[in-house]
Structures are given as structure tokens and as C-alpha cells.
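**Student:** Mind looking over this structure? Questions follow.
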Amino acid sequence: MKCLIIFGLIVAVFGAFVGYGYLVFTELTRPLPKPEISDNTYWGPGDGKDYVPDKRINEFRLSVPQAEIEDLRQQLNRTLRLTDPLDGISFEYGFNSHALEQFVDYWREKYLTKWDERQEFFNKFKQYTTEIQGLNIHFIREKASEEAAAKKHVYPLLLLHGWPGSVREFYDIIPMLTNDQNVTDYAFEVVAPSLVGYGWSDAASRPGFNAAEMATVMRNLMLRLGHKKFFIQGGDWGSIIGSNLATLYPENVIGYHSNMCVLNSPLAILKGIYGTYFSEKIIPSRFFYDHHFPVWDKYAELLQESGYFHIQATKPDTIGAALTTSPVGLAAYILEKFQTCTNPGVKQDFGAIVTVFGLEPVLDNLMVYYLTNSITTAVRFYAENVSKAYTNLQLDRVPTPVPMGCSRFRYDLPSVTDWQLRDKFPNLKHSMYFQQGSHFAALEMPAMLYQDFTAFVGKIGLHGADSCDYKA
């Protein structure tokens, strides 16, 4: 009898444990409803009580005083007191000081001497500013060419960059999107904004400006331009912002395409662990295994390369001050990210950045941060997105009906599988794997990204029905 009682207690405790575990699992993995957030929060200076929106759209043209370029040249002409790399070390400890000396020399002696040419290049697309929620937002607005508009279905497209990128990333892909191409029936009016706190866009004046708030500003920008419905394409932060926008405002999004398909919900994490051991059940081919698995190795790689993330998410103003006061320091910090985001075969090579991206594009991007003094406000975005106010929204657990397309470049951050992605995007229309390419796809492989995006658009089945929202 005593044994039966003990056995009964064991069964009861085990049953209670299993039952509690099931409740916890269900609570952590169930889909959540869309949260309600304000779509008109004021983020400008002051309290905004007497704020009257200025809805004008003003032309923008980059014009840097020659004195500012000369001052930068003088700063770069100072004797560098860099520490030699260790014997046998290339870029394993960060950006190699010998390589940095060469970059600085080129920046000073070659790049800055042709600044007028580079400035004209920056101005090749039509650019504007307008005030959204108290913030002056800079954006490229390039309409479809007359030839393309006459032959193609034209749709608005919101292009979103990330860190340490800028609108400069899109200069090669924009002409592909707006001009008459034989490979697709679609052309686009491209709107490529500088994110809030980045480039020539204002920064928020108080804490709390996270990816959901950024998505709201970007959506309101498109509404300001007359686009009630539009496509979104983004990588890095642009992917997170695009996902948030599609989640919070699905009525405004025709389709969302990402080249950084990440998902950090509890269910996605559990599925990722399962996939490490049973990958053949969830990926279309064994050739794509390295894109996702083994998950423990992917986490180890992220840990190794995410030191900057922790600094920027905890003490952004400290690192911002160090980088703002030293253009060489700013160069080392940003160039190291581009060096890392080449590919494992060349990222220890001195010529990796030149081979993969080219010197001018990378230095153009660096100049955006230097000229606008935006490194501090840009890295603050990391701190805002690890705050409880943002993480409590749990937007990765909120499904959205918006059609979604995913392109995975081999050496980008590890992406999730379609099995995981469909928990959030049940209307997943397009999924593609590339066995090359890395994090800055628009800069490194614009033609490949363009073809993948237009393939996604073609799968949605639009044939002019929504193009009435396009404003010529």
C-alpha cells in the first residue's frame, strides 16, 4: 500500500510537471495579437504641445563647404600613432593597422582630391526632405523612367538600409528598379530614406525611438508622398523595420522582401534547435545546410562578432564620442564591419574590401557618417531595440498576412528556415538561397538582389490592380 501511495505521488508530480511545462510552452509559443501603438508620436525637440506639422516636401542637394573637406584632410594628415599588428595576424584582432594606414592615405590623397566628383555622384538621384512627427527626414525619390512607366506596371517601393550602411548602398540597384528592364513586367518608384538618426535625417530627441517607431515614421513618409500601399525591401535594420511595418500596418504593405530573414521568437529558437538534428526534414536541400546549421556553431559565430552590438546597446554615447572625435577611428570601426562582411575565403586578405565592394562605395558610405556627425545617434538605435518597451511588444510572435519574400545570401547572418518563417509570415510567397554574397547585398550583388526581388513581386500576382496608388 505504501508503495502504491509513493508511486501515485510520483505520477502526480510528474503529471503536474508535464502539465505545467505544456502550459509554459503554449504560453511562450502561441501567436500574439497585433499591439496598438500611436501612429503620430512627436519625436522632435521640446514637448511638442504647440507642434504644427510642416507638410512641405523640400528639394535636397548635398553641398559640402570646401573648408570642411580641407579640415578633414588636415585631420587625416596628422601622424598616425597606431600599434603594429601581432606577428602573423591579419584581421583576426580587428581592422589591421597597416591596412588602415593605406586606407587613410587613399582617403586623404586620392578620394578627397576628387570630392567634387563624389559629391556629384551623391546628387545623381532626386532627393528631398520633409517633416514627419517633428523630424526632418531625408530621402531619395526616384520615379520610374518614362519608358518603363509606359511599358510596365509601376509600384511604390520603400528601400530600407541598416547600420553601418546608408542610402549609398542603393545607388547601383535604384537604376535597375526604375529603368526599363527586359527581365520583368514591373518597375518602381523608389523611396530610399535615411533612417531617423542616420545620414541627413534628424535624430529623435528623447529615449524610446525603437524599430516599431521607426516603422511608423517610414510608413507616414510613404503616406505623405501619396502612397497608401507599397512594397518594402530591406536588410540589416531595414529588415527588422520592414517586418515591423508589415506587422503593424499590413493594410499599407503590398509585399515585404528581406535579405536578412531572422526571427527570434521562442518557437523559432526551438525549431532551430530541432533543425540542427533533423535538418533533412525542414530544408529543401542538403546544400543549404550551412545557411542555418548547426545552430550552436551559428550562435558561437554571432557571439564572436557581436561585441560591437553589446557596446552600442549599452553605452552608445561612449563609443559615439570616441568615433566622432577621430575620423581615423571612425574609419577603423566602420571598415572592420565591411571587412568582416566579405566572406570567409577573403576576409583576412588586405584587398578584400576592394575586391568585394570597391574603395569608392565604402568611402562614400563612411563620408555619410562623417559629414552628418551621425555615428552616435545611429548606434543609439541598438539601445532602444533592447529596451523593455520594445521587447515587450514581441512583434516576432505577431503573424502578418502580408506577402513575404526571403533571399538568403550564403555569408550573411544565419537566417531562419521557411518552416520557422511561416509562423510569422503564413503568406510566404518566395524563398531563395544563394551560395555566395554576404550582408551588404545591395552593395555587393545589386543585380542578384534586383532579380530576386522582382521574382518575388511576380509571384504575388499583381497586374496593375494596386498600381493606382502610384502617384506620378
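The values are calculated or read from the model by the stated rules, or taken from the named source; none is laboratory data. Quick caveat, the model's predicted, so the values are computed rather than measured. Every residue, glycine as well, gets a Cβ built from its backbone with ideal geometry; the counts of neighbours run over all protein chains shown. Just so you know, the surface numbers come from the protein's heavy atoms only, side chains and all, with ligands and any DNA or RNA stripped out. Shrake-Rupley method; radii C 1.70, N 1.55, O 1.52, S 1.80 Å.
**Student:** What do you reckon, is residue 242 within 19 Å of the chain's Cα centre (by Cα) and exposed (fewer than 13 other Cβ atoms within 10 Å of the Cβ)?
**Tutor:** No, not satisfied.
**Student:** Determine whether residue 231 is of a type in the set (Phe, Trp, Tyr) and over 16 Å from the mean Cα position of the chain (by Cα).
**Tutor:** Here the answer is no, as residue 231 does not meet what is asked.
**Student:** Only residues that are within 21 Å of residue 139 (Cβ to Cβ) and open to solvent by 30 Å² or more (accessible area, probe 1.4 Å): list them for region 347-370, please.
**Tutor:** Scanning region 347-370 gives a single hit, 370.
**Student:** Which of the residues belonging to region 58-87 are open to solvent by less than 80 Å² (accessible area, probe 1.4 Å) and part of a loop (DSSP other than H, G, I, E, B)?
**Tutor:** Within region 58-87, 62, 64, 65, 80, 82, 85 qualify.
**Student:** Something else: When you check residue 299 against the structure, is it of a type in the set (Ser, Thr, Tyr) and open to solvent by less than 20 Å² (accessible area, probe 1.4 Å), yes or no?
**Tutor:** Considered against the rule, which asks whether it is of a type in the set (Ser, Thr, Tyr) and open to solvent by less than 20 Å² (accessible area, probe 1.4 Å), residue 299 comes out as no.
**Student:** Would a scan of region 407-415 turn up a residue that is open to solvent by 20 Å² or more (accessible area, probe 1.4 Å) and assigned to a helix (DSSP H, G or I)?
**Tutor:** No; the residues of region 407-415 include none that is open to solvent by 20 Å² or more (accessible area, probe 1.4 Å) and assigned to a helix (DSSP H, G or I).
**Student:** Further, regarding this structure: Exactly one of these conditions fails for residue 63: (1) at pLDDT 95 or above; (2) farther than 30 Å from residue 194 by Cα. Give me its number.
**Tutor:** Result: residue 63 fails condition (2) only.
**Student:** Would you list the helices (runs of 4 or more DSSP H) that sit entirely within region 112-179 and hold 3 or more residues that are touching a residue at least 24 places away in the same chain (Cβ under 8 Å) and open to solvent by less than 40 Å² (accessible area, probe 1.4 Å)?
**Tutor:** In region 112-179, 115-122, 173-178 are the helices (runs of 4 or more DSSP H) which contain 3 or more residues that are touching a residue at least 24 places away in the same chain (Cβ under 8 Å) and open to solvent by less than 40 Å² (accessible area, probe 1.4 Å).
**Student:** Just the residues that are within 16 Å of the chain's Cα centre (by Cα) and either polar (S, T, N, Q) or loosely packed, with under 14 Cβ neighbours inside 10 Å (or both), please, taken from region 381-397.
**Tutor:** Listed by number, the list holds a single entry, 385.
**Student:** Here's another thing I want to ask about it. What do you reckon, is residue 369 within 19 Å of residue 107 (Cα to Cα), touching a residue at least 24 places away in the same chain (Cβ under 8 Å), hydroxyl-bearing (Ser, Thr, Tyr) and touching a helix residue (DSSP H, G or I) at 6+ places or on another chain (Cβ under 6 Å)?
**Tutor:** In short, yes.
**Student:** Which residue pairs have Cβ atoms closer than 7 Å, lie 6 or more positions apart in sequence or on different chains, and pair a first residue in region 30-47 that is among the β-branched types (Val, Ile, Thr) with a second residue that is part of a loop (DSSP other than H, G, I, E, B) and surrounded by 13 or more Cβ atoms within 10 Å (Cβ to Cβ)?
**Tutor:** The qualifying pairs are 41/133.
**Student:** While we're on this one: Just give me the residues in region 277-302 being hydrophobic (A, V, I, L, M, F, W, C), part of a helix (DSSP H, G or I) and more than 19 Å from the chain's Cα centre (by Cα), in sequence order.
**Tutor:** Residues satisfying the conditions are 287, 288, 295, 296, 300.
**Student:** Kindly provide the set of residues from region 324-346 that are open to solvent by 30 Å² or more (accessible area, probe 1.4 Å) and part of a loop (DSSP other than H, G, I, E, B), ordered by number.
**Tutor:** Answer for region 324-346, where residues must be open to solvent by 30 Å² or more (accessible area, probe 1.4 Å) and part of a loop (DSSP other than H, G, I, E, B): 325, 326, 343, 344, 345, 346.
**Student:** Every residue in region 302-316 that is surrounded by 15 or more Cβ atoms within 10 Å (Cβ to Cβ) and polar (S, T, N, Q), please.
**Tutor:** The one that is surrounded by 15 or more Cβ atoms within 10 Å (Cβ to Cβ) and polar (S, T, N, Q): 312.
**Student:** Looking for something under 27 Å from residue 409 (Cα atoms) and under 12 Å from the mean Cα position of the chain (by Cα) - is there at least one such residue anywhere in region 200-212?
**Tutor:** yes
**Student:** Within region 251-292, restricting attention to residues that are free of Cβ contacts under 8 Å to residues at least 12 places away in the same chain and of a type in the set (A, V, I, L, M, F, W, C), which residue is most open to solvent (accessible area, probe 1.4 Å)?
**Tutor:** The selected residue is 278.
**Student:** Find all pairs meeting these conditions: Cβ atoms under 9 angstrom apart; at least six residues apart or on different chains; first residue within region 306-333 and more than 19 Å from residue 74 (Cα to Cα); second residue basic (Lys, Arg) and open to solvent by 50 Å² or more (accessible area, probe 1.4 Å).
**Tutor:** These pairs meet every condition: 312/380; 316/380; 317/380; 320/380.
**Student:** Let me ask you something else. I'd like to know if region 244-259 contains one or more residues that are in a loop (DSSP other than H, G, I, E, B) and of a type outside the set (A, V, I, L, M, F, W, C).
**Tutor:** There is at least one residue in region 244-259 that is in a loop (DSSP other than H, G, I, E, B) and of a type outside the set (A, V, I, L, M, F, W, C).
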